[in-house]
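Here's the structure we're looking at; comments come further down.
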Amino acid sequence: MTRVYFSHSYRDVDEEVNSFFIDLMKELLWEIAVDPPNPKILYEKIAKHIEDSDFVVVIVTRREFDEKSNTWLPSPWISQEIGMTMMAQKPLLIFVEEGVSVTDVVEGALGQK
């Protein structure tokens, strides 16, 4: 069975989009690993999830609006998980909500932001 780490937001407003992707992955018979909500990111635990997975699916949703750039910024945690996946050299599938700054996602993942 294919094992996937699912990186996503736990905010109530993102529940519908998360449910869509979870249902899709279940239809594909993928084993889904998630890190439960936690006020502090647990790097070792997330790194283990990523390492034990065949690949990572990331859902990047709007977090906060940046008036200066007129775009939505992603969660810094999501960017960190993307960076961790890249360092682990795992395949990565990223879905970015319309209006979110892709530049900020990439720069955050590369530790440039």
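The values are calculated or read from the model by the stated rules, or taken from the named source; none is laboratory data. As the structure is a computational prediction, the values presented were derived from the model and not from experiment. Here the Cβ positions follow ideal geometry from the backbone for every residue, glycine too, while neighbour counts run over all protein chains shown.
Here THR2 clears all of (1) closer than 20 Å to GLY83 by Cβ; (2) surrounded by fewer than 19 Cβ atoms within 10 Å (Cβ to Cβ); (3) in contact with an Asp or Glu (Cβ under 6 Å, 6 or more places away or on another chain); (4) not aliphatic (A, V, I, L, M) except the condition numbered (1). Quick check: anything in the stretch 85-104 at pLDDT below 90, over 18 Å from SER9 (Cα atoms) and of a type in the set (Ser, Thr, Tyr)? Among the residues of the stretch 85-104, at least one is at pLDDT below 90, over 18 Å from SER9 (Cα atoms) and of a type in the set (Ser, Thr, Tyr), which makes the answer yes.
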